[in-house]
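Beneath this line is the structure, given in structure tokens, with notes to follow.
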Amino acid sequence: MKQPLQLSSLDPQRLNALLAKHRVSLADSAALAGAVRRLSDHYLQHPEAATPWRQDWAQIAYACYFLPLNYLRVLGVLEMAKEVGFFAGLRHYSDFGSGLGAVSLAMDAALPGQFLSGHAIEVSSTAIAMHRQLTTPMATPLTWSTQVPDGGFSASEQRLASFSFSLTELPRIPAWALQQEALMLIEPATNQDSRRLLTWRGELQGAGWHVWAPCTHAEACPLLTESKRDWCHDRVQWDMPEWFQALEENLPMRNDSLTYSYLLMRRTAPSESRAGLARLTGDLRREKGASRQMICRGPKREFLSWQHRRGEAPQWPRGERVILDPTIEVKSNELRPTTQQVQSAT
Ligand SMILES: C[S@@+](CC[C@H](N)C(=O)[O-])C[C@H]1O[C@@H](n2cnc3c(N)ncnc32)[C@H](O)[C@@H]1O
């Protein structure tokens with residue numbers, strides 16, 4: 001079972017140093033919440049519009065709310081990426097739409113020795129200045145530019161192109177990113193954003209790319225082809241610090257757990273054996289006689305069905321990877337295992 005994620009490497013003192021310019025601190029929950037509501041409304045009303053970095057309220061809201069939450073979501077993706085060996089041979093990364101540095105901060109926390117260099121591309125010089133203030137010293141040296149450098153990037157065969165909540169503002173994956181070895185795409189856990197990611201999954205596979213995560217197989221996605229209601233997303237738990245609890249008490253939104261959709265693709269195929277590997281794509285639901293949880297192991301939309309007469313269902317979160325014994329009883333779209341027949345792959 002995974003441990004809750006921590007915000008610890010996002011130092012409150014540094015966040016306070018950023019907020020001081022606006023004469024607020026993490027202790028001013030009501031003032032912070034006002035700014036968060038405003039930026040949240042902006043995103044809801046203009047989902048494809050740019051982040052209004054010049055506005056004081058946007059700077060405050062991003063620093064105290066959107067950055068910490070996106071940082072945790074990136075950490076969640078990095079944990080899975082590490083589990084599947086996704087970073088093998090990758091030594092450089094480029095992060096498009098870097099904002100205040102959710103990706104670089106999470107990379108430093110989760111993978112301090114992995115990368116030799118990072119490059120952040122961010123159109124807003126205000127965001128770049130704030131990101132710089134948050135990130136010294138860095139485990140991985142980081143450079144910035146307001147657009148993709150002329151001539152592209154060196155070492156493309158060792159380079160990851162990363163997009164964390166920045167593709168929403170683009171019509172397609174940019175050409176420079178498609179020339180790198182690896183792609184990390186993280187998007188909101190909405191039906192629309194997730195389905196757009198899954199469409200790209202198919203297109204990238206058609207162009208010779210391989211999916212490393214979240215999928216444990218390369219076949220068609222059952223959530224895309226067999227359902228309009230479901231969408232593929234993960235959920236992580238985290239330890240909420242007191243200052244964030246106080247902020248949230250002033251907000252209508254709850255963040256006890258965090259969700260996101262993501263895709264990790266490489267030109268190289270995954271090396272690990274995927275025999276029996278599957279991924280839980282739903283939350284566990286207790287029903288009469290059995291507890292059901294949606295599971296993905298191929299093109300069919302299927303459920304693990306834990307019969308109560310055989311014992312209690314394991315409490316695995318959505319996104320957990322499991323190994324299925326080949327002898328599990330299958331009835332239509334239901335797999336009816338005993339607890340010995342399914343093991344966590346973590
Ligand atoms: C929603 S924010 C995400 C920031 C950060 N990646 C995160 O996960 O918190 C999207 C960012 O993309 C930047 N952006 C939008 N269009 C861009 C472009 N054409 N070139 C570079 N950055 C861009 C915006 O300024 C904004 O900082």
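In a fully extended conformation the segment linking Gln3 and Gln205 would gain 69.5 nm over its present Cα-Cα distance, using 0.36 nm per residue. Shown is the FRET efficiency for Thr346 and Glu249, computed with R0 = 45 Å from the Cβ-Cβ distance and rounded to the nearest 0.05: 0.85.
So for the chain, averaging the separation of alpha carbon pairs under 8 Å that are six or more residues apart and normalising by length, what relative contact order in percent results? Don't jump to the answer; show the numbers that get you there.
On the way: 625 pairs, mean separation 53.1, N = 346.
It rounds to 15 percent for the chain.
Give me log10 I(q)/I(0) at q = 0.08, 0.12, 0.15, 0.16 Å⁻¹ for the chain, Debye formula, one equal scatterer per alpha-carbon, no solvent. Computed log10 I(q)/I(0) values: -0.40, -0.89, -1.31, -1.44. Counting only protein heavy atoms and a probe of 1.4 Å, the accessible surface of the range 12-266 is 50% carbon and sulfur. Ignoring lysines fewer than eight residues from Lys2 along the same chain, the ones with Cα atoms less than 21 angstrom from its Cα are Lys82.
Would you calculate the convex hull of the Cα atoms in the range 277-344 and tell me its volume per residue in Å³?
Per-residue hull volume (Cα only) is 80 Å³.
For Lys331, a cut-off of 24 angstrom between C-alpha atoms picks up these lysines, skipping any fewer than 8 places away in its own chain: Lys228, Lys288, Lys300.
The modelled label-to-label distance between Gln315 and Arg54, using points 7 Å beyond Cα along the C-beta direction, is 5.1 nm.
The values are calculated or read from the model by the stated rules, or taken from the named source; none is laboratory data. Being a predicted model, the structure only gives us computed values, none of them experimental. Note that we place each Cβ from the backbone using ideal geometry, even for glycine, and neighbour counts take in every protein chain shown. SASA here: full protein model, heavy atoms, side chains in, ligands and nucleic acids out. Shrake-Rupley method; radii C 1.70, N 1.55, O 1.52, S 1.80 Å.
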